[in-house]
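Chemist: Following this message is one structure expressed as structure tokens.
The values are calculated or read from the model by the stated rules, or taken from the named source; none is laboratory data. Only a predicted model underlies this, so the values are computations on that prediction, with no experimental measurement involved. Please note: Cβ atoms are built from the backbone with ideal geometry, for glycine as well, and neighbour counts cover all protein chains shown. The accessibility values were calculated without ligands, DNA or RNA, using every heavy atom of the protein model including side chains. Shrake-Rupley method; radii C 1.70, N 1.55, O 1.52, S 1.80 Å.
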Amino acid sequence: MTEQVPIPTPSGNRIDPPLVNLPINTHDRGFYDGFSRSVTIPSKIIVSLIIMWAIFFPVSANETLSAANNTIIATFSGWYVYLIAALMLTMLVLAIIPQSGSLRIGNPGEKPEFGRFSWFAMLFGAGIGIGMLTYSTGEPLSHWQNNPDIIRGTLEPLSQEAVRPAYIYTFLHWGLAAWGSYGLVGLAIGYVAYRRNLPLTIRSALAPLFGKVMSGGFGHIVDIVAVVATILGVAVTMGIGVEQFVAGLYRLGLGDWLLDAEGSSTPAAIIISLVLLVGASTISALSGVGKGIKWLSNINMGLSFALLLLFAIVGAGFFGFELLGVALYDYLRNLPQLAFTLFSSDGSAVGDALVRWQLDWSVFYWAWWIAFAPFVGMFIARISRGRTVREFVLGVLLVPSLMCFVWMTLVGGTAIDLELSGVADGAIVGAAMSDQLYATLAVLLDPAIAGIVSGLVVILLMTYLITSADSAILIVNTINGAGETEGQRRRHILFWGTALAFMVGSMLIIGGIDAIRITMIIGALPFSVVVALMAIAIVKAIVFDIIRKRQGVPCTAEACEEWDPAQ
């Protein structure tokens, strides 16, 4: 790391300049050249132990995860609910206030590295593109069959009246909550990295609160927690994607060996898919963010728009767009209440069912977004230099959220319309979630055309999986490298690619996607504390920079180098 001259403390009542130097020790030779061994080695050990536990002690792993699902997750459900609500509120306030919104993530006048289209494409592709392909049909259909209103008995499942509430809860999970979590982490990191020249890593986001303490052991722990959360969060995404990838291959007629008697992916199908997908993602990661990931993200966006256009024209396009408008109104009107709603058991069957629904859906999502936040947040920070806080917040919150909503209403709306009209006759609702998108295409299109489009969905899913995996590998290496991108990266990229494949494969084989979900929710808990501290830190950093601007004190590293405190 390059040493900088300490900034003198000004006299009088003026506020001090910000911290512009956060040294982190990295190794300067050998296998760990350019890496912080205090972060990299413990991270590798923890992830390896989780993998070995799942492989060599599958029965114990399943029993432990089941017990944790009924105790730890339920105990901290309120923490997850209120934290996500606070993150959304913090982001919106920072964008609305003129003084904070006009601050730039970088030096004054600095231009963004990527154009808006590529920026939006990378935001969406690396964020939740995989989930869109599974949950665009799966989630609206699930909430159409069961949601809090249906549990209370005020609505009939699978009825016309149950459609609007189904989309309220779908938008609740895939809208501002997800992108508020990602955006806050990205803003907290990018703001101090590009304005103050601090390392592009998780610990730097807490420097406005704890100062140079983050250079030592406390900072190491923060980065280790972030690496483990990232691997677990991406493992859930990869697990969901692999199941849908296998279901697509089965739909394309590649053999009965892909699925077992219960319709789940066989171990052989999981292993072969992971070798293909993680192998391709590792190759892409070796090419870097400016080449492989950008190229794949643009392909993702193009194929996604083509698929959406198909549903808009051939599917229930009018119904979907009408549903989009109504659902947006319902979502925004109910968001303040739903964001702070925490169901509690009153001893009745209805009360217990409401608590179980929130744990299975909302709490799972809130933990998933938090576990995914170090990866997506770091990635967003890395591609967002030069944008203002307002542009960053509105771009990160609104554009990907709207894309998710369009997916949910056009694709999911088509599936619901086919079921409501009786055309599907239960073929879509009765399919496994990983197969519901393919089932919708099979009902909607002629068999030959449905096969071609299903093949395109498999390709799109594959590119999303590759993009997410290679982005995660690069981000993990960036955290381990104290924010730097130089040094011996190749061998470590291979390690994390292999670890990710073993994590997903072992968990899918021992207990299916539920095993990964529970592990991820527990793993997200320590990082949720870090995210809460990040929210406080970024608010403090921005407020203090506003004060510095008023007092004529520099608030960027570039300005600090030229500043004379005696002036």
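Chemist: Does any residue of the stretch 44-53 turn out to be open to solvent by 60 Å² or more (accessible area, probe 1.4 Å), at pLDDT 80 or above and within 30 Å of Phe392 (Cβ to Cβ)? Give the derivation first.
Modeler: So in the stretch 44-53, the residues open to solvent by 60 Å² or more (accessible area, probe 1.4 Å) come out as 45-46, 49, 52-53.
Keeping just the survivors that are at pLDDT 80 or above gives 45-46, 49, 52-53.
Remaining after also requiring within 30 Å of Phe392 (Cβ to Cβ): none.
There is no residue in the stretch 44-53 that is open to solvent by 60 Å² or more (accessible area, probe 1.4 Å), at pLDDT 80 or above and within 30 Å of Phe392 (Cβ to Cβ).
Chemist: Evaluate the following for Thr154: is it closer than 20 Å to Arg333 by Cα, out of contact with any strand residue (DSSP E or B) (no Cβ under 8 Å at 6 or more places or on another chain), of a type in the set (Val, Ile, Thr) and surrounded by fewer than 20 Cβ atoms within 10 Å (Cβ to Cβ)?
Modeler: Values: closer than 20 Å to Arg333 by Cα: yes; out of contact with any strand residue (DSSP E or B) (no Cβ under 8 Å at 6 or more places or on another chain): yes; of a type in the set (Val, Ile, Thr): yes; surrounded by fewer than 20 Cβ atoms within 10 Å (Cβ to Cβ): yes.
Criteria met by Thr154.
Chemist: Of everything in the stretch 344-362 that's modelled with pLDDT under 90 and within 22 Å of Val234 (Cα to Cα), which residue is least open to solvent (accessible area, probe 1.4 Å)?
Modeler: Filtering first and then ranking leaves Leu359.
Chemist: With respect to Ala121, determine if the residue is closer than 21 Å to Arg385 by Cα, buried (at least 22 other Cβ atoms within 10 Å of the Cβ) and of a type outside the set (Phe, Trp, Tyr). If you could, list the steps in order and put the result at the bottom.
Modeler: Values: closer than 21 Å to Arg385 by Cα: yes; buried (at least 22 other Cβ atoms within 10 Å of the Cβ): yes; of a type outside the set (Phe, Trp, Tyr): yes.
When the stated conditions are applied, Ala121 passes them.
Chemist: Now for a different question. So, restricting to helices (runs of 4 or more DSSP H) that lie completely within the stretch 394-512, which ones have at least 3 residues that are modelled with pLDDT under 90?
Modeler: Numbers: elements: 413-420, 436-444, 447-480.
Where helices (runs of 4 or more DSSP H) fall fully within the stretch 394-512 and carry at least 3 residues being modelled with pLDDT under 90, they are 447-480.
Chemist: Only one of Leu89, Leu83, Leu172 is under 20 Å from the mean Cα position of the chain (by Cα) and open to solvent by 20 Å² or more (accessible area, probe 1.4 Å). Can you tell me which? I'd like the intermediate steps shown before the answer.
Modeler: Details: Leu83 fails: open to solvent by 20 Å² or more (accessible area, probe 1.4 Å); Leu172 fails: open to solvent by 20 Å² or more (accessible area, probe 1.4 Å).
The unique qualifying residue is Leu89.
Chemist: Consider Ile55 carefully, then state whether it is within 28 Å of Ala499 (Cβ to Cβ) and out of contact with any Leu (no Cβ under 6 Å at 6 or more places or on another chain).
Modeler: Yes.
Chemist: Could you pull out the residue among Ile24, Ile41 that is more than 30 Å from Leu398 (Cβ to Cβ) and more than 26 Å from the chain's Cα centre (by Cα)?
Modeler: Working: Ile41 fails: more than 26 Å from the chain's Cα centre (by Cα).
Step by step, each of Ile24, Ile41 is checked, and only Ile24 is more than 30 Å from Leu398 (Cβ to Cβ) and more than 26 Å from the chain's Cα centre (by Cα).
Chemist: Something else now. Given the options Leu437, Leu418, name the one that is crowded, with 21+ Cβ neighbours inside 10 Å and within 13 Å of Gly138 (Cβ to Cβ). Before the answer, list the steps.
Modeler: Values: Leu418 fails: within 13 Å of Gly138 (Cβ to Cβ).
Sole residue among the options that is crowded, with 21+ Cβ neighbours inside 10 Å and within 13 Å of Gly138 (Cβ to Cβ): Leu437.
Chemist: Within the stretch 380-396, count every residue that is touching a strand residue (DSSP E or B) at 6+ places or on another chain (Cβ under 8 Å) and open to solvent by less than 10 Å² (accessible area, probe 1.4 Å). Before the answer, list the steps.
Modeler: First, the residues of the stretch 380-396 that are touching a strand residue (DSSP E or B) at 6+ places or on another chain (Cβ under 8 Å): 386-389.
Those still in the list that are open to solvent by less than 10 Å² (accessible area, probe 1.4 Å) too: 386-387, 389.
Counting residues in the stretch 380-396 that are touching a strand residue (DSSP E or B) at 6+ places or on another chain (Cβ under 8 Å) and open to solvent by less than 10 Å² (accessible area, probe 1.4 Å) gives 3.
Chemist: Ok, one more. Of all helices (runs of 4 or more DSSP H) completely enclosed by the stretch 58-164, which ones contain at least 1 residues that are in contact with a Lys or Arg (Cβ under 6 Å, 6 or more places away or on another chain) and of a type in the set (A, V, I, L, M)?
Modeler: Working: elements: 58-70, 72-75, 77-96, 98-101, 116-127, 129-145, 148-151.
Qualifying helices (runs of 4 or more DSSP H): 77-96.
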